[in-house]
Amino acid sequence: MELRINRRALIGIGVAGALTVSSLALLRAETGVASSHREAPMIAGDPRNDNTDVYAFVSPDKPDTVTLMANFIPFEEPTGGPNFYQFDTKSRYNIKIDSNGDAMPDIVYEWTFRDDDKRGTGTFLYNNGPVTSLNDKNLLFKQRYTLKRIAHGRTRTLVANGVAAPSNTGPASMPAYDTLRAQSIKKLDGGGRAFAGQADEAFFADLRVFDLLYGGDLSEVGQDTLKGYNVHSLALQLPKKEIALKGDARRNPVIGVWSTVDKWSPQGFVQVSRLGQPLVNEVVVPAGLKDTFNALPPHKDAGVPAVVKRVTSPEVPRLIEAIYGVKAPKTPRNDLVEIFLTGIAKANGPIKADLNSQSLNKDAGKLRPAEMLRLNMAVPPAATPNRLGVLAGDLQGFPNGRRLGDDVIDIALQAMVGAAQTGKLVDALAAGDKVDQNDKPFGTRFPYIALPGNTSVNAT
């Protein structure tokens, strides 16, 4: 499918409703701010089920495939033993894909976990000697998982007895952690791959917003306050035909992606976490709707006036105007509706470009506005990726999907002050938070996310 891109029109686009983390801090300093970590009251008390970030991008080394990733458990302190971090065995972790634009999942990849715990009453240790493989008898605790693909009423088991990469307990315990990571990657029928396990926290930002907006004079910027923390990650690398509408990625290159967690309760499985684009629930949805949004399926978004209003008449630009003196764009913000709810296409709104709306799929039906991360799989990987993504003319970057290196905070800030409307960056906010990349380099092969650290965050 040919892409008809107006680069000037796309210069400022970013996640709709996402804001600079500094703005919100003045009003709700009790809210954790780090992409979508601890974004709602209920999930803040349930970190195993807290989805922190979702990524979707064409695989740079295998451009006939797409990599999908969902991260969980915010702020994992590497030395937080003896009971290190693990997935919830009473939950279903899902990555969902909408290919026809109706905001309903056409394909669901579902992980469930079970503990393999050999400690019993004999020891408190996670491992009682060096661990050199996932089958090493010294590894006393590990998690096994089942991965299923659910599509068109059919459920197929892709991995029946996978082993998640363990928490990285330190160099004496795991002298070659990269070996454990490699052993945890499972090949899937049809040419795909799957990964589950601990990884480095890939989100990067300066979170010193709580000290009166970076010190009150923007002097407290440039420190990656996520540095040193880990997360638990689920990742897939899939041939494009596996996830495209009707299996045809040429006719139908655009997919919508989001992640959910269903937790077991006396009433059965209940959705407790949902994430597509970063920052949306955390800093766009008002406090009284945050838990509801986490339980809401995307196809219901457009039917909730209180949520739609936060897009058409957002709070964030008014805050930015009060704090930074940058005049808020006029409402209604139809540019944000396009970015946030419909995807970007000439027919959908004021951004006159065809980029990542499912309406661009030849076989798509009627579009249902909904919040999700949308990716046009026909856009090839950039030879030299730019952290500002589409904002800098790199059309494979956020908000056309999201790569690990995309600087979503800085992109979002420009979007909220109207750069998509004017076609120009706002120079007064161009510096952003001055955290432009992760503290660790990302890998060149699946699953790309850096290995988990094993050094205490407060080490000097």
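Along the stretch 134-140 the Karplus relation, 6.51 cos²θ - 1.76 cosθ + 1.60 evaluated at θ = phi - 60°, assigns HN-Hα couplings of 5, 9, 4, 5, 6, 7, 7 Hz to successive residues, with x for each Gly and Pro. Projecting the Cα atoms of Gln198, Ser167, Ser259 onto the charge dipole of the chain (Cβ charges, centred on the Cα centre) puts Ser259 farthest toward the positive pole. As a proxy for reagent exposure, ranking Phe195, Phe340 by other Cβ atoms within 10 Å from fewest up yields Phe195, Phe340. Evaluating kT/(6 pi eta Rh) at 4 °C and 1.567 mPa s, with the Kirkwood radius of the chain over Cα pairs in the Stokes-Einstein relation, gives 58 µm² s⁻¹. Charging the Cβ of each Asp and Glu at -1 and of each Lys and Arg at +1, and nothing else, the dipole of the chain about its Cα centre rounds to 1540 debye. If you take the charge dipole of the stretch 354-405 about its Cα centre, with +1 on Lys and Arg Cβ and -1 on Asp and Glu Cβ, which of Ala392, Leu360, Leu373 is farthest toward its positive end? Checked the options; the winner is Leu373.
May I ask you to sort His299, His152 by Cβ crowding, counting other Cβ atoms within 10 Å and putting the fewest first? Let's see the in-between values first.
On the way: His299 15, His152 6.
Lowest count first: His152, His299.
Listed by Cβ neighbour count within 10 Å, with the fewest neighbours leading, Met104, Met174, Met416, Met372 appear as Met104, Met174, Met372, Met416. Each helix, a run of at least 4 DSSP H residues, gives -39500 (n - 2.57); summed and divided by the residues of the chain, these come to -3500 deg cm²/dmol at 222 nm.
3J(HN,Hα) couplings calculated from phi for the stretch 331-345 with the Karplus curve 6.51 cos²θ - 1.76 cosθ + 1.60 (θ = phi - 60°) are, in sequence order, 9, x, 8, 5, 5, 6, 4, 5, 5, 7, 10, 10, x, 9, 7 Hz; Gly and Pro show x.
Read-outs: derived from the displayed coordinates by stated rules, not from any lab. What you are looking at is a predicted structure, and each value in this text was computed from that prediction instead of being measured. We place every Cβ from the backbone using ideal geometry, glycine too, and count neighbours over all the protein chains shown.
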